[in-house]
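First the structure, in the form of structure tokens, and then the observations on it.
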Amino acid sequence: MADQDAQSPVGCEPPALSVLRWDEPPEGPVLVLLDQTRLPAEEVELVCTDVPALVRAIRTLAVRGAPLLGIAGGYGVALASARGFDVAEAAGLLEGARPTAVNLGYGVRRVAAAYWEAAGKGEGDEAAAAAALAEARALHREDARASRSMAEHGEVLLEELLPGRAYRLLTHCNTGALVSGGEGTAFAVALRVHRQGRLRRLWVDETRPLLQGARLTAYEAARNGLAYSLLTDNAAGSLFAAGEVDAVLIGADRIAADGSVANKVGSYPLAVLAKYHHVPFIVVAPTTTVDLETADGTSIIVEQRSGGEVTELTSPHGVSTGGGGGMVVAPLGAPAYNPAFDVTPPELITAIVTEEGVVSPVTGVGLAELCARSSQVTIS
């Protein structure tokens, strides 16, 4: 188990991670990604020159996290238009790359709409491509602003729920700068209270089977000087039983109209534990993650991933994608159940924190009212 107690001096935050950027070398526009499958061992950039390359990056989790997938999808449409590819075909490929994260489709449709609007005015291919890129950049900026607002709202909520104390927060999967145009969702809240000197401990679930907590959240926590400890997912219950968790903060990949939340598998058991132990369970996500067209949790499509991610241990330099490369730990041919997400019902959720404010208690009416205040509601 890793343990990190260093604290960053005030005003000495590390430089921002360059997770995704648009570049225009002489040979043509490209989308440059920080390859998250290589973390924490290496910080390596992946250059996507076309949409199929970006789709591969999305499916292999080189780029991941609901808000960032929306940004990547938007830039993917801009890339297709700038390079003269079929925009409608590119949008279809991108939107189908991962089915659960609603932000991906949102970003794709929003930027494609900007492209088609410009093209419909007869302004020419170059102008339409410029409109698509401008919209992708606007989405990127908006997500960064949303990240700041969520962190602020989350800090206020923690003070209301747990006044006058330093917090021991438990988080699952990865919700920091690696998933966002800013400093993240749930992790951004933890980072903000750390900078205020009020984070006693960040408990980081290892997050099986792809280890996003161990590889990515621990990497971001160490990079920012947070006091953190890494634990296996099945150790969380012992922490609750010992009274060592003040609140749970997670992100979301899709929030249904009734307030049900799809997040990385393992989130639902944490919600049950939190309810039993009377610990606040808080979801932090931008309004782009809310899908009012999905009625409830049973309507959320849950991505099923390769069984090889369960039957093999991944190498230090990447995530096994089913094609081998990992250490086999199960009998040959062993069947495996490997959903990427699970769904937490609203009655187990203390609050949903968005850039527009907080919904608590979590109800469909409250969620709809909050989304009505936002210009970032999901486009169908």
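The values are calculated or read from the model by the stated rules, or taken from the named source; none is laboratory data. The shown structure was predicted, so the numbers you read here are calculated from the model rather than taken from an experiment. Glycine also receives a Cβ, built like all others from the backbone with ideal geometry; neighbour counts cover every protein chain displayed.
From the list Thr298, Thr288, which residue is at pLDDT below 95, assigned to a helix (DSSP H, G or I) and within 26 Å of Ser374 (Cα to Cα)?
Numbers: Thr298 fails: at pLDDT below 95.
Of Thr298, Thr288, the one residue that is at pLDDT below 95, assigned to a helix (DSSP H, G or I) and within 26 Å of Ser374 (Cα to Cα) is Thr288.
Glu347 fails exactly one of the following numbered conditions: (1) at pLDDT below 95; (2) surrounded by fewer than 17 Cβ atoms within 10 Å (Cβ to Cβ). What is the number of that condition?
Only one criterion is unmet by Glu347, namely (1).
Would you confirm, using the coordinates I've provided, whether Thr100 is within 30 Å of Gln304 (Cβ to Cβ), outside the structural domain of Ser81 (by TED's automatic domain parsing) and within 23 Å of the chain's Cα centre (by Cα)? Steps first, answer last, please.
Values: within 30 Å of Gln304 (Cβ to Cβ): yes; outside the structural domain of Ser81 (by TED's automatic domain parsing): no; within 23 Å of the chain's Cα centre (by Cα): yes.
No; evaluated as a whole, the condition is false for this residue.
Filter the range 19-76 down to residues that are at pLDDT 95 or above and among the hydroxyl-bearing types (Ser, Thr, Tyr) and give me whichever is farthest from Ala252 (Cα to Cα).
Thr49
Being part of a helix (DSSP H, G or I) and surrounded by 24 or more Cβ atoms within 10 Å (Cβ to Cβ): is that true of Ala53 here? So that I can check it myself, show each step before the final result.
On the way: part of a helix (DSSP H, G or I): yes; surrounded by 24 or more Cβ atoms within 10 Å (Cβ to Cβ): no.
When the stated conditions are applied, Ala53 does not pass them.
With (1) in contact (Cβ under 8 Å) with a residue 12 or more places away in the chain; (2) more than 30 Å from Phe341 (Cα to Cα) as the list, and Arg137 as the residue in question, which single condition is left unmet?
(2) is the only condition that Arg137 fails.
Taking the criterion of being among the basic types (Lys, Arg) and in contact with a Gly (Cβ under 9 Å, 6 or more places away or on another chain), would at least one residue in the range 61-70 satisfy it?
No: the range 61-70 contains no residue that is among the basic types (Lys, Arg) and in contact with a Gly (Cβ under 9 Å, 6 or more places away or on another chain).
Only one of these is farther than 30 Å from Ala262 by Cβ and over 16 Å from the mean Cα position of the chain (by Cα): Glu152, Glu117. Name it.
Values: Glu152 fails: farther than 30 Å from Ala262 by Cβ.
Selected residue: Glu117, the only one of Glu152, Glu117 that is farther than 30 Å from Ala262 by Cβ and over 16 Å from the mean Cα position of the chain (by Cα).
Among the residues of the range 115-135, which ones are closer than 29 Å to Ile255 by Cβ and either crowded, with 24+ Cβ neighbours inside 10 Å or acidic (Asp, Glu) (or both)?
Within the range 115-135, Tyr115, Glu117, Ala132, Glu135 qualify.
Just one of (1) touching a Lys or Arg at 6+ places or on another chain (Cβ under 8 Å); (2) farther than 22 Å from Asp342 by Cα trips up Trp203, so point out which.
Trp203 satisfies every listed condition except (2).
If you go through the range 249-285, how many residues are more than 15 Å from Phe187 (Cβ to Cβ) and either assigned to a strand (DSSP E or B) or not assigned by TED's automatic domain parsing to the domain that holds Thr354 (or both)?
6
Hey, any hits in the range 235-248 for a residue that's closer than 18 Å to Gly184 by Cβ, in the same structural domain as Val359 (by TED's automatic domain parsing) and not in a loop (DSSP other than H, G, I, E, B)?
Taking every residue of the range 235-248 in turn, at least one turns out to be closer than 18 Å to Gly184 by Cβ, in the same structural domain as Val359 (by TED's automatic domain parsing) and not in a loop (DSSP other than H, G, I, E, B).
Do we find that Thr232 is under 30 Å from Glu42 (Cα atoms), modelled with pLDDT of 95 or more, touching a Lys or Arg at 6+ places or on another chain (Cβ under 9 Å) and not assigned by TED's automatic domain parsing to the domain that holds Glu95 in this structure?
Numbers: under 30 Å from Glu42 (Cα atoms): yes; modelled with pLDDT of 95 or more: yes; touching a Lys or Arg at 6+ places or on another chain (Cβ under 9 Å): yes; not assigned by TED's automatic domain parsing to the domain that holds Glu95: yes.
In short, yes.
How many of the residues in the range 205-231 are part of a loop (DSSP other than H, G, I, E, B), closer than 18 Å to Val245 by Cα and not polar (S, T, N, Q)?
Within the range 205-231, residues that are part of a loop (DSSP other than H, G, I, E, B), closer than 18 Å to Val245 by Cα and not polar (S, T, N, Q) number 3.
Report the residue count in the range 19-78 for those that are farther than 16 Å from Glu135 by Cβ, touching a residue at least 60 places away in the same chain (Cβ under 8 Å) and among the β-branched types (Val, Ile, Thr).
3
Determine whether the range 261-275 contains at least one residue that is buried (at least 23 other Cβ atoms within 10 Å of the Cβ), over 21 Å from Ala151 (Cβ atoms), among the small types (Gly, Ala, Ser) and in contact with a Lys or Arg (Cβ under 9 Å, 6 or more places away or on another chain).
Yes, the range 261-275 contains a residue that is buried (at least 23 other Cβ atoms within 10 Å of the Cβ), over 21 Å from Ala151 (Cβ atoms), among the small types (Gly, Ala, Ser) and in contact with a Lys or Arg (Cβ under 9 Å, 6 or more places away or on another chain).
Of (1) surrounded by fewer than 16 Cβ atoms within 10 Å (Cβ to Cβ); (2) in contact with a helix residue (DSSP H, G or I) (Cβ under 8 Å, 6 or more places away or on another chain); (3) of a type in the set (D, E, K, R), Arg83 satisfies all except one. Which?
Of the numbered conditions (1) surrounded by fewer than 16 Cβ atoms within 10 Å (Cβ to Cβ); (2) in contact with a helix residue (DSSP H, G or I) (Cβ under 8 Å, 6 or more places away or on another chain); (3) of a type in the set (D, E, K, R), the odd one out for Arg83 is (2).
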